Amino acid sequence: MLSYRHSFHAGNHADVVKHIVQSLILDALKQKDKPFVYHDTHSGVGRYDLQDERSEKTGEFKQGIARIWSRDDIPTEITAYIDAIKALNDTDELRYYPGSPKVARAQIRAQDRMVLTELHPSDFPLLLQEFRGDRRVKMYPEDAFARLKASLPPKERRGMVLIDPPYELKHEYQDVVKAIKHSHQRWATGTYAIWYPVVYRETIDNMIQGLKDLNIRNILQIELGVEPDTEERGMTASGMIVINPPWKLATQMEQILPWLQQAIAPNHGHHKVEWIVPE
């Protein structure tokens, strides 16, 4: 089932949280000169036109990146993230938004490497076009978790894996747990960043319990909500579960999230930074 297209949702509040956390992890990896790998399981097309009919149809970016784009009080911690967006826009007008691969390429160095997988037959050619010619980037039109299994452990022994499936099907939540189980067995020291949407809170609670049952230490949860949880279908919050996070990440997000909530969801928003399993 490959009906999901991220172009409808690019730049929304969930993207903002995901890409800020991603950017902070990459910043931390760059503190050492040794090379690292960035592995993206569901890469999308790389960049998104916010004037595209799909983006205009939902207008989700207007409740996300558009609310912080022109503010003059942006926290210094998210400078790299904002710079990745500015690099795609020649003027002060916000038209293009980077997917996670473009956020990553804006930060990786000559010695670093990217592995991108995208199975959608319409999206992969666009991804290929976006990164063709960059020797640091390898792209695969393959199943995300099969390629992840084949790629671990990486030769660099340092890096991060971003896991952000569309969660179109209920079993995808448990697919993530299984992927973490097998990946951690191969590469226990890697940083794994799992994006999740809160549509039904029970589903997220079950996924978190599944991760706890793996007996893996050092798991951090970061979440931003824009509406209270509800029994009705619709994403009210989103977050990142990070295994082996950089040591400063929790403190950084504790500082960023109150500002982000006030900017994006001042009336009904909520946020949290909690250890699912301590180190």
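The values are calculated or read from the model by the stated rules, or taken from the named source; none is laboratory data. Owing to the predicted nature of the structure, the values given are computational and were not obtained by experimental measurement. Ideal geometry is used to build each Cβ from the backbone, glycine not excepted, and the neighbour counts take in all protein chains shown. The accessibility values were calculated without ligands, DNA or RNA, using every heavy atom of the protein model including side chains. Shrake-Rupley method; radii C 1.70, N 1.55, O 1.52, S 1.80 Å.
So what's the back-of-envelope 222 nm ellipticity for the chain, counting only DSSP H runs of four-plus at -39500 (n - 2.57) apiece and dividing by all residues, rounded to 500? Numbers along the way, then the final one.
Working: 9 runs with 98 residues, N = 279.
Dividing the helical sum by the residues of the chain leaves -10500 deg cm²/dmol.
Could you please state how large a percent of the accessible area of the chain is carbon and sulfur, counting protein chains only and using a 1.4 Å probe? Don't skip to the end; give the middle numbers.
Details: 6120 of 13020 Å².
Exposed carbon and sulfur together represent 47 percent of the surface.
If you count only protein heavy atoms with a 1.4 Å probe, what accessible area per residue comes out for the chain, rounded to a whole Å²? Let's see the in-between values first.
On the way: 13020 Å² over 279 residues.
Spelled out: the 1.4 Å probe surface of the chain, per residue, equals 47 Å².
What is the magnitude of the charge dipole of region 174-253 about its Cα centre, with +1 placed on the Cβ of each Lys and Arg, -1 on the Cβ of each Asp and Glu, and no other charges, expressed in debye to the nearest 20? My answer is approximately 580 debye.
Please list, by residue number, everything in region 244-273 whose backbone N is under 19 Å from a paramagnetic label point 7 Å out along Cα→Cβ of Arg109. In region 244-273, the label zone of Arg109 (backbone N under 19 Å from the point 7 Å along Cα→Cβ) covers 246-248.
Just tell me, in residue order, which DSSP H segments of the chain are both 15 angstrom or longer along the helix axis (alpha-carbon based) and at least -0.5 in mean Kyte-Doolittle hydropathy. Numbers along the way, then the final one.
Details: long enough: 13-29 (25 Å, 0.88); 171-186 (23 Å, -1.46); 201-212 (17 Å, -0.73); 249-264 (21 Å, 0.33).
Helix filter hits for the chain: 13-29, 249-264.
Straight-line cross-link reach from Lys86 at under 27 Å between alpha-carbon atoms covers these lysines, not counting any fewer than eight positions away in the same chain: Lys18, Lys30, Lys32, Lys57, Lys62, Lys102, Lys138, Lys248.
Counting only other residues whose beta carbon sits under 10 Å from that of Pro101, what net charge do I get with K and R as +1, D and E as -1? Could the numbers behind the result be given before it?
Numbers: positive: Arg47, Lys102, Arg105; negative: Asp40, Glu118, Glu130.
Here the charged neighbours net out to 0.
Note on His182 and Asp73: the extension gain reaches 35.0 nm, defined as 0.36 nm multiplied by sequence separation minus the Cα-Cα distance.
Please state the charge dipole magnitude for the chain, taken about the Cα centre, from unit charges on C-beta atoms (+1 on K and R, -1 on D and E), reported in debye and rounded to the nearest 20. Numbers along the way, then the final one.
On the way: 36 positive and 39 negative charges, 270 e Å.
Using only the charged Cβ atoms, the result is roughly 1300 debye.
Of (i) 20.7, 81; (ii) 17.4, 49; (iii) 21.7, 72, which one was derived for Rg and Dmax of the Cα atoms in Å from the structure shown? Here the calculated entry is (ii).
Restriction of the trypsin sites (Lys or Arg not before Pro) in region 9-53 to DSSP coil positions whose beta-carbon has at most 14 other beta-carbons within 10 angstrom yields Lys30, Lys32.
By how many nm would the segment from Arg136 to Gln63 grow when fully extended, if each residue of separation counts as 0.36 nm and the alpha-carbon distance is taken off?
Working: separation 73, 0.36 × 73 = 26.28 nm, distance 3.37 nm.
Stretched fully, the Arg136-Gln63 segment lengthens by 22.9 nm.
Comparing Gln51, Gln261, Gln252 in a Gaussian network model of the chain (Cα springs below 10 Å), the most mobile by mean-square fluctuation is Gln51.
Round to the nearest 0.05 the FRET efficiency obtained for Gln129 and Lys155 when R0 = 25 Å and r is the Cβ-Cβ distance. Working from the Cβ atoms, E equals 0.40. Placing a label point 7 Å from the Cα of Glu168 along the Cα-to-Cβ direction, the residues of region 193-211 with a backbone N closer than 17 Å are 197.
For the pair Gln209 and Asp83 in one chain, pulling the backbone fully straight at 0.36 nm per residue adds 41.7 nm over the alpha carbon distance. In summary, the aspartates and glutamates within cross-link reach of Lys155, defined as a Cα separation below 16 angstrom excluding same-chain residues under 8 places away, comprise Asp33, Asp112.
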